[in-house]
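Trainee: Would you mind keeping the following structure in view while I ask a few things?
The values are calculated or read from the model by the stated rules, or taken from the named source; none is laboratory data. Nothing here was measured: the structure is a model prediction, and the numbers come from that model. Cβ placement follows ideal geometry from the backbone for every residue including glycine, while neighbour counts extend to all protein chains displayed. These area figures cover heavy atoms from the full protein model, side chains too; ligands, DNA and RNA do not enter into them. Shrake-Rupley method; radii C 1.70, N 1.55, O 1.52, S 1.80 Å.
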Amino acid sequence: MNATQDDIPPPPEVRGIVLDGAEPYVIKADENAALCRSTGIEPAGDGTAHPIYHFIATQLGMKHSVAEFCALFDFDVADGPMIVGSIVTFHTPLRVETPYWVRGEILSITRKQSRKLGTMDVADYRLALLDGETSVAEVTNSWIFPRKART
Amino acid sequence: MTPGTLLTPFVVEAVSPGAMREWSVFLADPNPIHLDAEAVRAAGLGDRPINQGPANLAYLINLLSLNFPEMDIVTLETRFNGNVFAGDRCVAGGHVIEVGETGVRCEIWLDVDGGGRAVSANASVRKRARP
């Protein structure tokens, strides 16, 4: 039997939950080189990191692992969360071997109906990457959590 | 370069399962749909490992680096529309929307051969200021 909206608890109250990291994230030069090569390019020789580290550094440098983050939304990571959107603004290029701090919060959660996924919650959260007190990049990600009825 | 100019594509001839294993480490994400075809089948998502979304986004960033080697990315607004599977050939492409004194705005995308548009994005780049 398919889940209906009535079978599914309302989205959890997560707006405003702080996601600040407890320790800085450092882009290791050797890992950056391996990542670059895994995508088909050579690493830059000037100390800058692949810009995709805006995503990795914020995700790994925030307070929670992916599984813990999903749990904030009463969602089991094994049930397949999906990232659907991401917006990043860079103020300066990212650099290897530089400690970056992550600050952020959950912005919203919205219950929606999808023909493909049924009932789902769309969550937006914002993370900033800081070098000391200076923001080097700001990221807003949107994830979907497909919901199942309670059994 | 003027509005409408097509970017030189960045091509991934075959998405590598080995690279997916590396990205599981980079992302600290052990989700088996990126590692194990059986997990993908069990989830009803296909029959090959699914490339990590940020890896797909990295291909778009490579496209920008290829076409604008003297510029830095300022903004990137991305929509993830579909999956890229192990073995897929995918092509990152795009065109110029606007050219300013210090930067360029583009519409870019990642298309999978036979699989449609997996990622679409708007990007802006500006002339590098650092020495």
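Trainee: Over segment A:16-146, what is the relative contact order in whole percent, taking alpha-carbon pairs under 8 Å and six or more residues apart?
Mentor: Relative contact order of segment A:16-146: 31 percent.
Trainee: Okay, next question. Under the 0.36 nm per residue contour assumption, what length would be gained going from the current alpha-carbon distance of residue A:30 and residue A:133 to full extension?
Mentor: Gain on extension, residue A:30 to residue A:133, equals 34.5 nm.
Trainee: If you build a Gaussian network model of chain A, linking Cα atoms that sit under 10 Å apart, which residue out of A:74, A:30, A:20 swings the most?
Mentor: The residue that fluctuates most here is A:30.
Trainee: Using only the alpha-carbon atoms of segment A:16-146, report the extent along each of the three principal axes, biggest first, to the nearest angstrom.
Mentor: 47, 34, 23
Trainee: Put a dot 7 Å past each Cα toward the Cβ at residue A:67 and residue A:18; how far apart are the dots in nm?
Mentor: Each label point lies 7 Å from its Cα, and together they span 2.6 nm.
Trainee: Carbon and sulfur atoms: what percent of the 1.4 Å accessible area of the protein assembly as shown do they account for? Numbers along the way, then the final one.
Mentor: On the way: 7060 of 13660 Å².
Answer for the protein assembly as shown: carbon and sulfur cover 52 percent of the accessible area.
Trainee: Within segment A:39-71, whose backbone N sits under 18 Å from a point 7 Å along Cα→Cβ of residue B:36?
Mentor: What the label zone holds, given the 18 Å backbone N cut-off, is A:67.
Trainee: Just subtract the alpha-carbon distance of residue B:21 and residue B:128 from 0.36 nm times their residue separation and send over the number in nm, one decimal.
Mentor: Taking 0.36 nm per residue and subtracting the Cα distance, the gain is 35.2 nm.
Trainee: Report relative contact order for chain B in percent, whole number only (criteria: Cα-Cα under 8 Å, sequence separation at least 6).
Mentor: Computed value for chain B: 30 percent relative contact order.
Trainee: So if a site counts as exposed when it's one of the trypsin sites (Lys or Arg not before Pro), its DSSP state isn't H, G, I, E or B, and it has at most 14 other Cβ atoms within 10 Å, what's the longest stretch of chain A without one?
Mentor: Segment A:29-114 is the longest.
Trainee: Determine the total buried accessible area between chain B and chain A, counting protein heavy atoms only with a 1.4 Å probe; round to the nearest 100 Å².
Mentor: 2300
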